[in-house]
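Each remark here refers to the structure printed beneath this line.
The values are calculated or read from the model by the stated rules, or taken from the named source; none is laboratory data. All values derive from a computational prediction rather than experimental measurement. Glycine also receives a Cβ, built like all others from the backbone with ideal geometry; neighbour counts cover every protein chain displayed. In case anyone asks, the SASA skips ligands and DNA or RNA and just uses the protein heavy atoms, side chains included. Shrake-Rupley method; radii C 1.70, N 1.55, O 1.52, S 1.80 Å.
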Amino acid sequence: MVTPVKPLTLTKCFRCRLRASRVLLVGMKGLGAEVAKNLILAGVKGLTMLDHQQQVSIRGLEPCALQLALLSQEMGGPGMTEIHRCRTAYETLLCVWKRHRQGCVSQEDTRAQFLIPVGSLGRNRAEASLERAQNLNPMVDVKADPESVENKPEEFFTQFDAVCLTCCSRDVMVKIDQICHKNSIKFFTGDVFGYHGYMFANLGEHEFVEEKTKVTKVSPGVEDGPDTKKAKLDSSETTMVKKRVVFCQLKEALAVDWSSEKAKAALKRTTPDYFLLQVLLKFRTDKGRDPLPQSYAEDSKLLLQIRSDVLDSLGVSMDLLPDDFISYCFSEMAPVCAVVGGVLGQEVVKALSQRDPPHNNFFFFDGIKGNGIVECLGPK
């Protein structure tokens, strides 16, 4: 359907929609910082950064724990009660250190998270990012929420026009996607795992406007020659075409049945990153964290085992994910965060302003090959 509206009027309309939108961003690690920056600079009405994890200084815990461990090995010597007390303290300290290492900002996290200033150890990620984020655009109402997204009621999400999740488990993503789908809220999620990153969008029934160049018809009597080419090349008129697209929910997109003949044919064209995502989400569910460089050997073995279980349950070949995939999915790479964060931020802006066709429904980025691909995966 062609909409005869002046481009200037439409541009104002797009900006008004964006300027009136409120966005919830969950997870303020490297990718979250990139998305926050892009949305604030784009000029949304308000951005709420939610992250319940604390920045904790673990420097000094390891040496202390090591000293206690050495002391606890002196079994049979004098001062047995004191040694047992040290061993108990060591076990408690080690437990705290592991919990902090898994759930809080590590040294590699801070390299990708540019909104957190130096000297913010011990502070909440969202709160530590607030000052720099607000300074990007004083016209945007930027807020920090230190509570867990898992504890938020359904009514909390209805105050936003779009919700964007990072660093969340599969169950949390599916749950919030269902809430957003029910309340007609634009839903996005994304993550970065080493050299690989992805984003997913569920915009429900989404209408948008696309600008297309209007082709000028050749005047009667002109059949061939330079006049024909001139008529086409000099055409500067555009028309605004209104379109509609329907998105599926995340749960359906992650539960594709690959046993049908149509799905098997599509499997040859499907990027392996889709199956890598399934493996990494299962790892996050089982371990409550992402693969860590500090435990590379242990996590690599577990990733290979999860790869076998996941691909077997999906009914696809192990050849889709060769063993060397484990070398490229640890930690957050700042350049990958920049690419995926740019695409994710762009898609949120496009959805809120209802301008230009959105990515339906996955975007995968492979930092090794240096390319990205859009995949439409779901029940159909």
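For this structure, a couple of remarks:
- Looking across segment 328-358 at every residue that is more than 12 Å from residue 199 (Cβ to Cβ) and acidic (Asp, Glu), the one that is surrounded by the fewest Cβ atoms within 10 Å (Cβ to Cβ) is identified as 356.
- Of all residues in segment 269-295 being open to solvent by 40 Å² or more (accessible area, probe 1.4 Å) and of a type in the set (Lys, Arg), the one that is modelled with the lowest pLDDT: 269
- Residue in segment 310-321 that is at pLDDT below 95, under 24 Å from residue 248 (Cα atoms) and of a type in the set (S, T, N, Q) present: yes
- Count - residues of segment 245-268 that are modelled with pLDDT of 95 or more, assigned to a helix (DSSP H, G or I) and out of contact with any strand residue (DSSP E or B) (no Cβ under 8 Å at 6 or more places or on another chain): 2
- Annotation note: of 351, 338, the sole residue that is farther than 25 Å from residue 112 by Cα and part of a helix (DSSP H, G or I) is 351.
- Number of the exception - residue 288 against (1) at negative phi; (2) out of contact with any Phe, Trp or Tyr (no Cβ under 8 Å at 6 or more places or on another chain): (1)
- Within the set 147, 211, 154, the sole residue that is surrounded by fewer than 16 Cβ atoms within 10 Å (Cβ to Cβ) and touching a Pro at 6+ places or on another chain (Cβ under 8 Å) turns out to be 211.
- Look at segment 307-323: where a residue is buried (at least 17 other Cβ atoms within 10 Å of the Cβ) and a partner is part of a loop (DSSP other than H, G, I, E, B) and of a type in the set (Gly, Ala, Ser), sitting 6+ places away or on another chain with Cβ atoms under 8 Å, you get 311/317.
- Residue in segment 321-328 that is among the polar types (S, T, N, Q) and in a loop (DSSP other than H, G, I, E, B) present: no
- Extreme residue, farthest from residue 340 (Cα to Cα), among residues of segment 177-197 that are open to solvent by less than 70 Å² (accessible area, probe 1.4 Å) and free of Cβ contacts under 8 Å to residues at least 60 places away in the same chain: 183
- Yes/no for residue 144 being farther than 24 Å from residue 281 by Cα and small (Gly, Ala, Ser): yes
- Cβ pairs under 7 Å, 6+ apart, first in segment 152-169 and at pLDDT 95 or above, second assigned to a helix (DSSP H, G or I) and open to solvent by 60 Å² or more (accessible area, probe 1.4 Å): 169/285
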